[in-house]
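A.B. asks: Can you read through this structure? Questions will come right after.
The values are calculated or read from the model by the stated rules, or taken from the named source; none is laboratory data. Predicted model only: the values in this text are computed from it and were never measured. Please note: Cβ atoms are built from the backbone with ideal geometry, for glycine as well, and neighbour counts cover all protein chains shown. Remember, those area values only see protein heavy atoms, side chains included, never the ligands or the DNA or RNA. Shrake-Rupley method; radii C 1.70, N 1.55, O 1.52, S 1.80 Å.
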Amino acid sequence: MPDFLRSGFTTGAAMTAGALAVWSARSGKTTEAADLLLPDGSMLSVPIAYCDMQRAVVIKDAGDDPDATDRARISVEFRPGVPTELDAADYQEVCGKALVMIRGGRGIGRVTRPGLAVPVGKWAINPGPRRLLVRNLDRAGLSDGTWLLTVSIEDGARIAEKTLNPTLGIIGGLSILGGGGIVKPYSNAAYTSAIALQMRTIAASGKDTAALVTGNRTEQSVLRDDPSLDPMQVVRIADFIAFSIRSARAAGLKNVLVACMPGKLFKYACGEENTHAHTAKLRPERLRLMGLRDLPDLPLEKFDTMGELGAHLEKAAFLALLHQLFPLAEKQLAGWAGSALKLKLLLYNDKGDRIL
């Protein structure tokens, strides 16, 4: 990513920072910033706007990314609790011998449709941020007792209207996302320039292969499954699939791996060169136009995403559908690759397991 674009931090990092600040205050220490250990081993310092022994406030900083949550006030209450306080929508996480109950407050959405990373009826607080929270509380010395954490976002319901949450079936507010902690800036021109530069760097290093991934899960899965890959050969392409493949070809690379999950596979099969949801808002009803056999006997028009459709199908039926989409996606990708670039498509589920 070009140096002139400033990174920010995720809502998941803000939640964790708030909890650490309260924990520190309860120990008699005040802090202007909380230092988080991220999954990749790096450290992130998150400024604290306000803190006492019960509550902390973090001002979300998205860096130079055009994120609707930028400057949102994220409040974290963290106090001793009792197991009987647990609500059906809450989460329970183990931290050493401690139990941490995690609850959404005002401005946090609830999930109403299947197919997302959290179950229907639960607060929209993703697994990655919950893991980040527990890992850092453990590191800070939380080891016993029962604790209740409530995270809220001021004006979260209003801000959520600018996001995809209503489309995804998350109602009432925003999601807590981003277990990696860092928000990468997402200026289209800068991002595509960075992709092209990384392709040229791979070629200049003497490598002939690039692995194109869309995020943490696919990156980790590809590196796990192909130990011969150097991490510098892995390119995070976000939504720029066609541009990335053409950039690999232009850089003179010989091979490209494309790792994706079912939602992207569907968009690739439809021939979408940019898969951003606002650019390529493809609903599963599009499947009817693709000449597929034995489509699910379901009202496809009612589903907004492939994940939601998959949640309503038996595992074998969804896999059979993906088997049909796979060669269509391969054909589209191969068309962008041309004859000089050998392409291999890899499909993973949301747990990082290889499907196809």
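A.B. asks: Take the residues in region 28-59 that are part of a loop (DSSP other than H, G, I, E, B) and touching a residue at least 24 places away in the same chain (Cβ under 8 Å); name whichever of them is nearest to residue 79 (Cα to Cα). Lay out the reasoning, then the answer.
C.D. replies: Of the residues in region 28-59, the ones part of a loop (DSSP other than H, G, I, E, B) are 28-32, 38-42, 48-49, 52-54.
So of that shortlist, the ones also touching a residue at least 24 places away in the same chain (Cβ under 8 Å) come out as 38-40, 48-49, 52-54.
Values: 38: 24, 39: 25, 40: 29, 48: 18, 49: 19, 52: 11, 53: 8, 54: 6 Å.
Among them, the one singled out is 54.
A.B. asks: Which members of region 146-155 meet the condition of being crowded, with 18+ Cβ neighbours inside 10 Å, touching a Gly at 6+ places or on another chain (Cβ under 7 Å) and under 17 Å from residue 87 (Cβ atoms)? Walk me through it before giving the result.
C.D. replies: The first filter runs over region 146-155 and keeps only residues crowded, with 18+ Cβ neighbours inside 10 Å, leaving 147-153.
Applying the additional criterion that residues be touching a Gly at 6+ places or on another chain (Cβ under 7 Å) yields 147-148, 150-153.
Matches in region 146-155: 147, 148, 150, 151, 152.
A.B. asks: Can you pull out the residues in region 132-149 that are under 15 Å from residue 17 (Cβ atoms) and part of a helix (DSSP H, G or I)? Steps first, please.
C.D. replies: Filtering region 132-149 down to residues under 15 Å from residue 17 (Cβ atoms) leaves 132-137, 139-140, 142, 149.
Scanning region 132-149 gives 132, 133, 134, 135, 136, 137, 139, 140.
A.B. asks: Out of 139, 158, report the one residue that is within 22 Å of the chain's Cα centre (by Cα), farther than 30 Å from residue 313 by Cβ and open to solvent by 70 Å² or more (accessible area, probe 1.4 Å). Walk me through how you get there before you give the answer.
C.D. replies: Details: 139 fails: within 22 Å of the chain's Cα centre (by Cα).
Matching residue, one of 139, 158: 158.
A.B. asks: Here's another thing I want to ask about it. Taking the condition of being open to solvent by less than 10 Å² (accessible area, probe 1.4 Å) and among the β-branched types (Val, Ile, Thr), how many residues in region 80-117 meet it?
C.D. replies: Looking only at that region, the number is 4.
A.B. asks: If I go through region 35-62 residue by residue, how many of them are surrounded by 17 or more Cβ atoms within 10 Å (Cβ to Cβ) and of a type outside the set (A, V, I, L, M)?
C.D. replies: Taking region 35-62 and keeping what is surrounded by 17 or more Cβ atoms within 10 Å (Cβ to Cβ), we get 36-38, 44, 46, 48, 51, 55-58, 60-62.
Filter once more, keeping what is of a type outside the set (A, V, I, L, M): 51, 55, 60-61.
Summing the residues that are surrounded by 17 or more Cβ atoms within 10 Å (Cβ to Cβ) and of a type outside the set (A, V, I, L, M) in region 35-62 gives 4.
A.B. asks: Condition first: under 16 Å from residue 259 (Cβ atoms) and not small (Gly, Ala, Ser). Now tell me which residues in region 308-331 satisfy that.
C.D. replies: Start the filter on region 308-331 by keeping residues that are under 16 Å from residue 259 (Cβ atoms), which leaves 322, 325-326, 329-330.
Across region 308-331, the qualifying residues are 322, 325, 326, 330.
A.B. asks: Could you check region 118-131 and list, in sequence order, the residues that are in a loop (DSSP other than H, G, I, E, B), among the small types (Gly, Ala, Ser) and crowded, with 19+ Cβ neighbours inside 10 Å? Walk me through it before giving the result.
C.D. replies: Initially, region 118-131 is screened for residues in a loop (DSSP other than H, G, I, E, B), giving 118-122, 124, 126.
Add one more test, that the residue is among the small types (Gly, Ala, Ser), and what stays is 121, 124.
Hit for region 118-131 is 124, nothing else.
A.B. asks: Which of the residues spanning region 60-86 are touching a residue at least 24 places away in the same chain (Cβ under 8 Å), farther than 14 Å from residue 159 by Cβ and not in a strand (DSSP E or B)?
C.D. replies: 61, 63, 64, 65, 81, 82, 83, 85
A.B. asks: Scanning region 169-184 for residues that are open to solvent by 50 Å² or more (accessible area, probe 1.4 Å) and of a type in the set (A, V, I, L, M, F, W, C), which turns out modelled with the lowest pLDDT? Show your work before the answer.
C.D. replies: Of the residues in region 169-184, the ones open to solvent by 50 Å² or more (accessible area, probe 1.4 Å) are 171-172, 177, 182, 184.
Right, trim to of a type in the set (A, V, I, L, M, F, W, C) and you get 171, 177, 182.
Working: 171: 93, 177: 91, 182: 88.
Ranking the candidates gives 182 first.
A.B. asks: Within region 321-356, how many residues turn out to be surrounded by fewer than 15 Cβ atoms within 10 Å (Cβ to Cβ), part of a helix (DSSP H, G or I) and in contact (Cβ under 8 Å) with a residue 24 or more places away in the chain?
C.D. replies: Residues flagged as surrounded by fewer than 15 Cβ atoms within 10 Å (Cβ to Cβ), part of a helix (DSSP H, G or I) and in contact (Cβ under 8 Å) with a residue 24 or more places away in the chain within region 321-356 amount to 1.
A.B. asks: Here are some conditions: (1) modelled with pLDDT under 90; (2) out of contact with any strand residue (DSSP E or B) (no Cβ under 8 Å at 6 or more places or on another chain). Residue 214 meets all but one. Which one does it not meet?
C.D. replies: Among (1) modelled with pLDDT under 90; (2) out of contact with any strand residue (DSSP E or B) (no Cβ under 8 Å at 6 or more places or on another chain), the lone unmet condition for residue 214 is (2).
A.B. asks: Here's another thing I want to ask about it. From the list 285, 308, 301, exactly one residue is open to solvent by less than 50 Å² (accessible area, probe 1.4 Å), assigned to a helix (DSSP H, G or I) and at pLDDT below 90. Which is it?
C.D. replies: Numbers: 285 fails: open to solvent by less than 50 Å² (accessible area, probe 1.4 Å); 301 fails: open to solvent by less than 50 Å² (accessible area, probe 1.4 Å).
On inspection, the qualifying residue turns out to be 308.
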